[in-house]
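Nothing in this text is a laboratory measurement; each read-out follows from the coordinates by a stated rule. What you are looking at is a predicted structure, and each value in this text was computed from that prediction instead of being measured. In this analysis, Cβ positions are derived from the backbone assuming ideal geometry, glycine residues included, and neighbour counts consider all displayed protein chains.
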Amino acid sequence: MFLPESVIGVSDPGGTFSINVTSIEQSQPVQRFPRCPNAIVFGTTTFVRATNQGSGNLLYSIGFKATDHISGASCPGAVPVCVETSVNRGKPRSGLPKFDATRRE
């Protein structure tokens, strides 16, 4: 099952801007089965796998770039998303995000 995650809370004092998702990383390697990614990007919304295939809690990092429509200036950022399993609820996550969640193994 995948859950939608959006980049929100970004503001621009100059007016309008756009958000582009640039990466989605996760704290555990992508499992070989099923042969599908743990995250998918559709515009500014990402869908992350809601079930953890490994041990411990899974942490995603959604990387993005916000770009001002008038000046063209941009700024990178990242949003953390934690997927807890019922067994590991409240326990620390397992590692820092460093594996590409959009890859198919």
When R49, R103 are ordered from fewest to most other Cβ atoms inside 10 Å of their Cβ, what list results? R103, R49
Cβ neighbours within 10 Å, averaged per peptide: list 57-66, 1-10 in order, most packed at the top. 57-66, 1-10
